[in-house]
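So the structure is just underneath, and the comments pick up after that.
The values are calculated or read from the model by the stated rules, or taken from the named source; none is laboratory data. Note that the structure is predicted; figures quoted are calculated from it, not measured. A quick note on method: Cβ atoms are made from the backbone with ideal geometry, for glycine too, and the neighbour counts reach across all protein chains shown. For accessibility, only protein heavy atoms count, side chains too; no ligands or nucleic acids. Shrake-Rupley method; radii C 1.70, N 1.55, O 1.52, S 1.80 Å.
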Amino acid sequence: MESILNYDTVTLDDANSALVIIDQTLLPGEIKMLHLTKQQEIWEAIQVLRVRGAPAIGVAAAIGIYLAAKEIQADTYETFYQQFRAASDYLNSARPTAVNLSWALKRMEKVVLENKARSVAEIQSKLRCECETIWAEDIDVCRRLGENGLTLVKPGDGLLTHCNAGHLATVRYGTATAPIYLGHEKGYHFRVFCDETRPLLQGARLTSFELSSTGIDTTLICDNMAASVMKKGLVQAVFVGCDRVAANGDAANKIGTLGVAVLAKRYGIPFYVVAPSSTIDMETATGDEIVIEERDGEEICEMWYKKRMAPEGVKTWNPSFDVTDHDLITAIVTEWGIAHAPYKESLRDIFRKKEEA
Ligand code: MRU
C-alpha cells in the first residue's frame with residue numbers, strides 16, 4: 001500500500017500562486033491534489049474539510065492570506081492594509097473552533113503592521129517568508145511533540161486515538177500521532193486503536209489509513225467500542241489532538257473526545273492531549289468560552305449511507321467538537337514540555353519557556 005505520508009498535506013506553489021492540498025474528503029479511496037488559487041476556493045476547502053485539523057487549517061490560512069496579499073494592487077499602505085484585513089476576516093470566517101486559523105492570520109497581520117514603512121512589494125515578499133516559516137515550524141513542532149509524547153509510553157503499549165490528529169492534520173507527523181510514528185521508527189510495536197469518529201469518520205478514513213499504510217499495528221473500532229477495549233485492558237494510554245486549549249486546561253477537540261476522557265478516567269488510563277503552543281489560547285479563560293462549530297444535520301442522517309437512515313424532518317443536533325474538562329486530562333503535551341495540573345500555572349510556564357528560547 002502506498003503511504004499517504006509521501007504526500008504533503010498542505011504546501012505553497014508560489015510559481016502558480018496556488019495553495020496545494022490533498023482533498024481529504026476523497027480519502028482513503030482517492031488521493032487527489034488540489035491547486036487552489038481563488039480565495040473562495042480556499043475558504044470552501046477549509047469549510048467542507050478538504051483541508052482540516054487545527055495546525056493544517058492554520059498553515060492553509062497563512063498561505064491563503066499570502067496569496068490574497070500577492071494579488072492586492074494598492075498605491076498606499078492604508079489601501080493595502082484595508083484589503084488585507086478584508087481578506088483575512090473572510091478566511092477567518094471559514095470555521096470557528098480551531099484557534100490555529102486566527103492564530104496564523106494574526107501572525108501574518110503582524111508582519112504587515114510591523115512593515116508599514118516598506119513598499120507593498122516588500123511587504124508581500126515578507127508575507128511569503130512568514131507563511132513559509134509557519135509551514136516549516138509546524139514540522140519542527142510536531143517532531144518535538146513526538147519526542148515529548150514518547151516519554152509517556154513504553155514499547156508494546158496499546159494506544160487509543162480519536163479523530164485524526166495525524167500527518168493529514170498537520171504539515172507532517174501529526175500531533176497525537178507524532179509519538180506513535182516516532183515510536184514506530186524506534187521499534188516500539190504499539191497497537192493502536194482508532195475510533196472511527198462519527199459523523200465525518202476522520203478516524204476511519206484518515207487515521208486508520210495513514211497509520212496502517214505506514215505499517216503500524218492499527219485496529220479500527222466504532223466510537224461505541226472504546227469502553228470495551230479499555231475494559232479488556234488493551235489500552236495503556238490515550239493520545240488526542242485538540243483545536244483550542246483554554247488557559248485553565250479545558251480542551252476542545254472532535255466531538256466524542258469528552259466521552260473517551262470520561263471512559264479513560266473510569267478505567268484508570270492516562271489521557272493525554274497533544275497540543276502545539278499555537279493551539280493554546282491563553283486569552284480564553286475556560287472551555288465555556290470556546291465557540292463550538294455546529295454543522296448540518298445531513299451529516300448524521302444521510303452522509304455515507306446508500307439511502308437515508310433517519311426519518312425525513314427529524315430534529316438533529318450536530319456539534320463538531322466538545323470540550324474535555326481539565327480534570328479529566330492527565331497531561332498536555334506541548335513542544336516546550338509536558339504541562340500538568342494546575343494548568344493555569346503550567347501553561348503559563350510553557351509560554352515563558354517559549355519566549356525565553
Ligand atoms: O473537524 P476536523 O476534522 O478539522 O477536526 C479535527 C480535530 O478535531 C483534530 O483532533 C484537531 O484539529 C487536532 S489536529 C492535530
| query | Taking into account only those residues within the range 151-196 that are within 26 Å of Asn318 (Cα to Cα) and in contact with a His (Cβ under 6 Å, 6 or more places away or on another chain), which is surrounded by the fewest Cβ atoms within 10 Å (Cβ to Cβ)? | reply | Asp195
| task | Confirm whether Val291 is under 19 Å from the mean Cα position of the chain (by Cα) and loosely packed, with under 15 Cβ neighbours inside 10 Å. | result | yes
| query | Here is a list of conditions, (1) open to solvent by 60 Å² or more (accessible area, probe 1.4 Å); (2) touching a residue at least 40 places away in the same chain (Cβ under 8 Å); (3) not hydrophobic (A, V, I, L, M, F, W, C), and Lys38 meets all of them except one; can you say which number that is? | reply | (2)
| All but one of (1) over 18 Å from Asp8 (Cα atoms); (2) over 20 Å from the mean Cα position of the chain (by Cα) hold for Trp43; which doesn't? | (2)
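Just checking, which of Glu130, Glu147, Glu109, Glu114 is closer than 23 Å to Thr9 by Cα, surrounded by fewer than 23 Cβ atoms within 10 Å (Cβ to Cβ) and without any contact (Cβ under 8 Å) to a residue 60 or more places away in the chain?
Glu147
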| said: If I ask for residues that are in contact with a helix residue (DSSP H, G or I) (Cβ under 7 Å, 6 or more places away or on another chain), of a type in the set (A, V, I, L, M, F, W, C) and in contact (Cβ under 8 Å) with a residue 60 or more places away in the chain, which ones from the range 150-165 would you list? | reply: Val153, Leu159, Leu160, Cys163
| query | Does any residue in the range 258-277 that is under 10 Å from Thr324 (Cα atoms) come within less than 7 Å, Cβ to Cβ, of a residue that is assigned to a helix (DSSP H, G or I) six or more places away or on a different chain, and which pairs are these? | reply | Val260/Ala226; Ala261/Leu328; Val262/Leu328
| message | Residues that are within 14 Å of the ligand (Cβ to nearest atom), under 19 Å from Tyr7 (Cβ atoms) and modelled with pLDDT of 95 or more: does the range 147-162 have at least one? | response | no
| request: Name the residue, out of Trp135, Trp103, that is open to solvent by 40 Å² or more (accessible area, probe 1.4 Å), within 19 Å of Val273 (Cβ to Cβ) and at pLDDT 95 or above. | output: Trp103
| task | Please note which helices (runs of 4 or more DSSP H) are completely contained in the range 112-220 and include at least 2 residues that are closer than 26 Å to Trp304 by Cα. | result | 208-213
| task | Say whether the condition of being within 12 Å of the ligand (Cβ to nearest atom), open to solvent by less than 10 Å² (accessible area, probe 1.4 Å) and within 17 Å of the chain's Cα centre (by Cα) is met by at least one residue in the range 259-272. | result | no
| query | Among the listed residues Val245, Val235, which satisfies the condition of being away from the ligand (no atom under 16 Å from the Cβ), within 30 Å of Asp281 (Cβ to Cβ), in contact (Cβ under 8 Å) with a residue 24 or more places away in the chain and buried (at least 21 other Cβ atoms within 10 Å of the Cβ)? | reply | Val235
| query | Conditions: (1) under 23 Å from Thr151 (Cβ atoms); (2) open to solvent by less than 40 Å² (accessible area, probe 1.4 Å); (3) more than 17 Å from the chain's Cα centre (by Cα). Cys301 meets all but one. Number of the miss? | reply | (1)
| task | Sort out which residues of the range 166-213 are among the hydrophobic types (A, V, I, L, M, F, W, C), near the ligand (Cβ under 10 Å from one of its atoms) and touching a helix residue (DSSP H, G or I) at 6+ places or on another chain (Cβ under 7 Å), and write them in order of number. | result | Leu168, Ala169, Ala178, Leu200, Leu206
